[in-house]
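This report concerns only the one structure given below.
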Amino acid sequence: MSPDPAMTRQADAEHPRSGRHRLLAAGTGVVALLFVGSRVGLLVTSYDANQNWEEPVFLFSAVELQHDGLSHLFDYQDDLNHGGSLVLVLLAVPWLSIAGTSLVALKGVAIVWSTLTLCVAMAVARRYFSPRLALLLGVCLLALSPTAARLNVTLVGSHPESVLPSMLALAAYWEWVRQRHTSNTDSPGVDVALGVAGGVAVWVAYVSTMFVLPLLLLRLAFVRRRRNAIALGAGFLLGIAPWMYQNLWLRPHGALLWMQHLGAHEPGVEQVSGWGGALTGLLASFGLAASVAALLLCIACVAWAGLLAGVVWAPWRRWLPATTLVLLPLLAAPILGLALPAHAALPLYPNEGYYHYRFFVPLQMALMWVLVLGVEMAARRFGPWVTLLAAAAVLGFGAWNLWPLYGHGTRYRPDYARDRAAGCLVFGLAEWDRAGSAPAAMRRLAALSDAPCRDRAFGGLGWALGAEYMKHPDLDAARATLAAIPDRTLRWAACGGFVFVLTRAPESALPAAQRATAIEQVTAFCRPARPS
């Protein structure tokens, strides 16, 4: 196939200073400003409706790292197996010194990261396609998904953060395609960039594998020199090195911890699994009415089918916005992205709400790319008015759909002592999995310098022990774990966390009589440790 004009940027070069070109460039800047303004407005008018229970631990970790130094970064990882929390904590350390030490200030990190993601995505679209397509992509990211908008102001710590390195990997892949068509060269630098970005994306969140894998496989399929394959492999190993350091060196038990969630159904908790469940979850992830979400997905499916028809059917090929090699990863990503939740068991906890649908954010991104490329294909067939109509429709739909998210109020008042206490609790809860064993977790938490924080952290450890008891009811093992805490104050705090979890546990998760018996026996066992 002949070189694609979009990939060689010939269209941009023909009229670099035209009024239309300048107008489109200004439009992308306006979209970026609207994105920042809409997310800041969402944070300051509806703080109460856009938060999750893990956020205080980010504040706790960022403040602790300011004292301990970045060499202790992995000691404050919110969860094993993915690095999304580390990305946010790394940003938070300098950010807090500028914006202040509070959860409202810290949540600005999420806005910064999501804005960077928007700008990178639009820059990639502009470089390899056109300002017109970049503008439409930015409008889609701004307005299409209320769930994504709320996640933009929520400290999540995994899947939404992976979209940025995924976009960088996509840019590196498309740069290779462009070089292949224009100069017939294979630059090892592009392979290193693709490998590093792909490795980082996989480390940040496993779900990004479904987006990155087609890029890596297609690049490997066209490797002509050994040095390029070596560069790609070395780049990927470099990008995923933090995961290997965390899960193979520091805490070897964490390497395959994520596999425990595959196909594991929790009693009394709704699951998203199977192709039907994955499709239902995808529709719900947009945060729209079911009929509206289904219509949006149908439009994306039509765009996907149109792009596929252009790839396999010669008469339609002249309307494609890019070469086959450009489109193949984006045709594969939605299918693979839907396959992941279909073959896993994603628990939908009643108190998590929109936060649960972070698992679908990379899939949403892939669908948005398909949508804008499908619109571009239609614009080449029928005229540029198609793009303008699509952008206007998405903007109008977004304004109508996002407006109800605002004005829910905020009762938050900066109180670092309260937020730190909550962060210590979550830190203790997370340490149960991070440490690999109860004694190791106890040693780590006992080393916390602040006494009230230690108490709260051991309360979190008790939460984790209670959750473990819910899955494997072994009262003797639970008592043995509690007895291993030598400090009576810390043991009482852990007992309190254990009893709290069992008291609040859903009845369907554990029979009421068994739960009452466990609470009574653990309370009696722990009573001698109660501080006077």
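The values are calculated or read from the model by the stated rules, or taken from the named source; none is laboratory data. All figures in this text were calculated on a predicted structure; none of them were measured in a lab. Quick reminder, even Gly has a Cβ in these numbers, built from the backbone with ideal geometry, and neighbours come from all protein chains shown.
Structural remarks
- Residues in segment 404-422 that are modelled with pLDDT under 95 and of a type in the set (Phe, Trp, Tyr) were compared, and the one that is farthest from Asp48 (Cα to Cα) is Tyr416.
- One residue from Ala399, Ala430, Ala467 being at pLDDT below 90, part of a helix (DSSP H, G or I), over 19 Å from Gln77 (Cα atoms) and aliphatic (A, V, I, L, M): Ala467
- The residues on offer are Pro329, Pro347, Pro334, and the sole one that is outside any helix (DSSP H, G or I) and either surrounded by 20 or more Cβ atoms within 10 Å (Cβ to Cβ) or not acidic (Asp, Glu) (or both) is Pro347.
- In segment 180-202, the condition of being closer than 30 Å to Val44 by Cβ and of a type in the set (A, V, I, L, M) is met by no residue.
- Taking segment 41-89 as the range and being touching a His at 6+ places or on another chain (Cβ under 6 Å) and of a type in the set (A, V, I, L, M, F, W, C) as the test, only Ala49 passes.
- The set of residues in segment 190-201 being within 14 Å of Met167 (Cβ to Cβ) and more than 11 Å from the chain's Cα centre (by Cα) consists of Ala193, Leu194, Val196, Ala197, Gly198, Val200.
- Scanning segment 158-178 for residues that are out of contact with any His (no Cβ under 6 Å at 6 or more places or on another chain) and either part of a loop (DSSP other than H, G, I, E, B) or modelled with pLDDT under 90 (or both) yields one hit, His159.
- Scanning segment 137-175 for residues that are acidic (Asp, Glu) and within 30 Å of Ser61 (Cβ to Cβ) turns up just one, Glu161.
- Of the residues screened, Val120 is one that is on the phi < 0 side of the Ramachandran plot, out of contact with any Asp or Glu (no Cβ under 8 Å at 6 or more places or on another chain) and of a type in the set (A, V, I, L, M).
- For Leu448, the conditions (1) in contact with a Lys or Arg (Cβ under 9 Å, 6 or more places away or on another chain); (2) in a helix (DSSP H, G or I) all hold with the exception of (2).
- Filter pass, Leu155 being aliphatic (A, V, I, L, M) and assigned to a helix (DSSP H, G or I): no
- Applying the condition of being outside any helix (DSSP H, G or I) and farther than 25 Å from Pro160 by Cα to segment 211-240 and asking which residue is modelled with the lowest pLDDT yields Arg224.
- Residues in segment 474-520 that are exposed (fewer than 14 other Cβ atoms within 10 Å of the Cβ), in a helix (DSSP H, G or I) and either outside the structural domain of Cys453 (by TED's automatic domain parsing) or in contact with a helix residue (DSSP H, G or I) (Cβ under 7 Å, 6 or more places away or on another chain) (or both): Thr503 only.
- Residues located in segment 329-358, provided they are aromatic (Phe, Trp, Tyr) and touching a Ser or Thr at 6+ places or on another chain (Cβ under 8 Å): Tyr354, Tyr355, Tyr357
- The number of residues in segment 402-427 being more than 30 Å from Phe458 (Cβ to Cβ) and outside any helix (DSSP H, G or I) comes to 5.
- Positions within segment 6-45 being polar (S, T, N, Q), in a helix (DSSP H, G or I) and modelled with pLDDT under 90, in sequence order: Thr8, Gln10, Thr28
- Residue check, Arg454 of a type in the set (D, E, K, R), touching a residue at least 24 places away in the same chain (Cβ under 8 Å) and buried (at least 19 other Cβ atoms within 10 Å of the Cβ): yes
- Hey, Ala322 surrounded by fewer than 21 Cβ atoms within 10 Å (Cβ to Cβ) and either under 16 Å from the mean Cα position of the chain (by Cα) or among the small types (Gly, Ala, Ser) (or both) or not: no
- Number of residues in segment 193-229 that are farther than 17 Å from Ser85 by Cα and surrounded by 15 or more Cβ atoms within 10 Å (Cβ to Cβ): the value is 19.
- Criterion: of a type in the set (Gly, Ala, Ser) and within 21 Å of Arg527 (Cβ to Cβ) - qualifying residue of Ala493, Ala446: Ala493
- Evaluating His181 against the criteria (1) under 18 Å from the mean Cα position of the chain (by Cα); (2) in a helix (DSSP H, G or I); (3) at pLDDT below 90 leaves one unmet condition, (1).
- Val139 outside any helix (DSSP H, G or I) and at pLDDT 90 or above: no
- Residue in segment 116-124 that is surrounded by 20 or more Cβ atoms within 10 Å (Cβ to Cβ), within 15 Å of the chain's Cα centre (by Cα) and either under 20 Å from Val63 (Cβ atoms) or not hydroxyl-bearing (Ser, Thr, Tyr) (or both) present: yes
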